[in-house]
1. From the list Ile95, Ile124, pick out the single residue that is surrounded by 13 or more Cβ atoms within 10 Å (Cβ to Cβ), of a type outside the set (D, E, K, R), in the same structural domain as Thr56 (by TED's automatic domain parsing) and within 20 Å of Val203 (Cβ to Cβ).
2. Of the residues that sit in region 239-270 and are modelled with pLDDT of 90 or more and in contact with a Lys or Arg (Cβ under 6 Å, 6 or more places away or on another chain), which one is surrounded by the most Cβ atoms within 10 Å (Cβ to Cβ)?
3. Which condition does Gly294 not pass, out of (1) under 30 Å from Asp25 (Cα atoms); (2) in contact with an Asp or Glu (Cβ under 8 Å, 6 or more places away or on another chain); (3) modelled with pLDDT under 65, if it passes all the others?
4. Which members of region 214-236 meet the condition of being farther than 15 Å from Leu200 by Cβ, touching a helix residue (DSSP H, G or I) at 6+ places or on another chain (Cβ under 9 Å) and outside any loop (DSSP other than H, G, I, E, B)?
5. Working carefully through the options Ser227, Ser223, Ser219, find the one that is surrounded by fewer than 19 Cβ atoms within 10 Å (Cβ to Cβ) and either touching a Pro at 6+ places or on another chain (Cβ under 7 Å) or on the phi > 0 side of the Ramachandran plot (or both).
6. Criterion first (part of a strand (DSSP E or B), closer than 17 Å to Glu44 by Cβ and touching a residue at least 24 places away in the same chain (Cβ under 8 Å)) does Leu189 satisfy it?
7. Does at least one position in region 172-187 carry a residue that is loosely packed, with under 13 Cβ neighbours inside 10 Å, of a type outside the set (Val, Ile, Thr) and assigned by TED's automatic domain parsing to the domain that holds Thr56?
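The values are calculated or read from the model by the stated rules, or taken from the named source; none is laboratory data. The model shown is predicted, which means the values in this text are computed figures rather than measured ones. Using ideal geometry, Cβ is built from the backbone for each residue, glycine included, and neighbour counts are taken over all protein chains shown.
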Amino acid sequence: MSFLLIFILPVFVLTANWLNREWQDQRTEQTAQQERTLRAMTTEIDDAVNHMLVTTNQMALDHALAPTNQEYSAVRSVTAALARYDLSSPLINKIFVYLTSQPDVFFAADGTYDVAPTMYKYGILAGRAGVKAEQNLLHTLRPQLLYTPTANPERGQLTLAVPITAAPGAHSRGTAFYVLNTTAVREQLQAAAPSANQTLALVVGQGRITAKPVVAGKSLPQSTRWSVWQALTKENRLTVTRQAGQGRLFNVVSVTTKPSPWPPLLSLLVQYAWLFAALLVGGDCSGNSCSAGGFAAAGGRYASGNH
């Protein structure tokens with residue numbers, strides 16, 4: 001009993017304090033790492049969006065994109081000019097340009113396309129949105145990051161629509177449409193948060209793209225309402241944070257699980273195995289009146305237990 005009070009009880013108290021401190025440190029470090037991941041992902045998407053905005057601004061200053069007639073030579077000069085704006089980005093599938101001076105067609109580096117059929121074929125608009133929705137988008141006055149749902153909710157289409165203006169509020173020549181590669185976007189989200197206890201989602205307009213749709217057995221919301229995402233915290237012991245992108249075109253949401261208590265415990269066992277072994281030997285020693293024979297017997301039993 002005296003051995004228990006003198007040795008075991010203090011060690012137990014110290015161990016409990018160490019485990020609590022280690023768990024708190026782990027939680028703090030995990031939270032900091034997850035926040036860094038969230039900021040880095042938001043910055044990465046911001047940079048990609050900003051690149052497209054700057055490219056569109058350059059289009060507004062390009063006289064080759066201001067044809068004065070609809071002759072073949074004028075159309076050809078526009079498509080040739082658009083080849084210069086190929087960003088060679090894995091995030092972009094296609095770039096279409098709508099010019100108010102040529103309202104019947106979309107221009108692309110590989111030719112011209114009919115406006116309405118192309119908007120639905122490439123998922124710029126969903127279903128049959130109607131003429132009013134089409135015209136509103138074609139003449140948008142501000143950048144928009146659009147989400148168009150598909151049959152598979154994890155495979156929605158993203159498109160960045162940017163008015164072609166030399167400066168905010170200036171006369172618009174039309175609109176540039178960047179049809180994004182959502183598979184590449186998803187892979188980017190997955191690469192940014194490779195750990196099993198964190199996933200990222202890009203939330204825009206009426207939908208979201210996720211690195212993985214299920215976290216800790218819970219499906220992530222289809223809704224873009226922040227209150228719905230926050231409900232995950234209360235219901236499933238998950239931590240949910242977000243960061244807004246440039247111009248509030250999008251939000252990057254981070255969903256993380258609570259840190260497990262097992263890593264600190266395993267660390268304790270590995271680092272202090274020698275101490276626990278000594279205590280076991282000491283306990284056997286006290287039961288054998290601390291005699292030399294008692295030490296030998298305890299040591300023999302401990303050794304045999306490790307074979």
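1. It is Ile124.
2. Across region 239-270, the extreme among qualifying residues is Val253.
3. If we test Gly294 against (1) under 30 Å from Asp25 (Cα atoms); (2) in contact with an Asp or Glu (Cβ under 8 Å, 6 or more places away or on another chain); (3) modelled with pLDDT under 65, just (1) comes out false.
4. Across region 214-236, the qualifying residue is only Lys218.
5. Ser219
6. Criteria not met by Leu189.
7. Within region 172-187, not a single residue is loosely packed, with under 13 Cβ neighbours inside 10 Å, of a type outside the set (Val, Ile, Thr) and assigned by TED's automatic domain parsing to the domain that holds Thr56.
Yes or no, residue by residue, for (1) more than 20 Å from Ile92 (Cα to Cα); (2) among the acidic types (Asp, Glu); (3) touching a residue at least 40 places away in the same chain (Cβ under 8 Å); (4) out of contact with any Leu (no Cβ under 7 Å at 6 or more places or on another chain):
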{"site": "Thr118", "(1), (2), (3), (4)": "no, no, no, yes"}
{"site": "Glu134", "(1), (2), (3), (4)": "yes, yes, no, no"}
{"site": "Tyr147", "(1), (2), (3), (4)": "no, no, yes, no"}
{"site": "Gly156", "(1), (2), (3), (4)": "no, no, yes, yes"}
{"site": "Pro163", "(1), (2), (3), (4)": "no, no, yes, no"}
{"site": "Gly174", "(1), (2), (3), (4)": "no, no, yes, no"}
